[in-house]
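Some notes on the structure that comes next.
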């Protein structure tokens, strides 16, 4: 039987099994549950634990091995561009290639590319928010870039839009969907039927872009940029 890493007791009626993002096995149990009951519960769910723990552990191992090397292909607006070495202490993107100092180590290269991606994201998203906002008659108070890994965008109650820099790896039509989605939240801070009507008025085929985002998310799930 696999070792349980954590047992959390809480005011709940049933027990639950969870595999954390760090591939740790966690049991959540009602306060007062005996260790024997927990052991029996775990033993009865070994097949589920084996399957899901193996999947998450493989993902974690890939993340830990992730690094950037020269000759790698990096995505920008859905297209791959080569990462090449240059004989100068600089990093950048010139529209045809990403580049970094030839003497930089993989961690330095990665840190440099994150800065480049963040800058590109600010430019791209500022542009699309302005264009689509004008089309929809909406204007956020601010557009901010963050490093969120599981959330492409968000809209605060103060009217600020936040976008993950990872989003600029997607194609522009997919980026536009996320922008429209967050702009629509300026009118509807929910995912009601009316909210989706607002999105569909601008992008009738938005569901296709949702599927593209899922595929990109799967690709990024085994990478470790920050």
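The values are calculated or read from the model by the stated rules, or taken from the named source; none is laboratory data. All of these numbers come straight from a predicted model, not from anything done at the bench. Note that we place each Cβ from the backbone using ideal geometry, even for glycine, and neighbour counts take in every protein chain shown.
Before moving on, here are some points about what is shown:
- Within the range 45-69, considering residues that are touching a helix residue (DSSP H, G or I) at 6+ places or on another chain (Cβ under 8 Å) and closer than 30 Å to residue 91 by Cβ, the one surrounded by the most Cβ atoms within 10 Å (Cβ to Cβ): 68
- From the options 33, 89, residue that is in the same structural domain as residue 119 (by TED's automatic domain parsing) and part of a loop (DSSP other than H, G, I, E, B): 89
- Of all residues in the range 70-83 being surrounded by 15 or more Cβ atoms within 10 Å (Cβ to Cβ) and in contact with a strand residue (DSSP E or B) (Cβ under 9 Å, 6 or more places away or on another chain), the one that is farthest from residue 174 (Cα to Cα): 70
- Residues of the range 139-155 that are free of Cβ contacts under 8 Å to residues at least 24 places away in the same chain and more than 16 Å from the chain's Cα centre (by Cα): 139, 141, 142, 143.
- Residues that are surrounded by 12 or more Cβ atoms within 10 Å (Cβ to Cβ) and part of a loop (DSSP other than H, G, I, E, B) within the range 1-30 comprise 4, 5, 12, 15, 20, 21, 23, 24, listed in sequence order.
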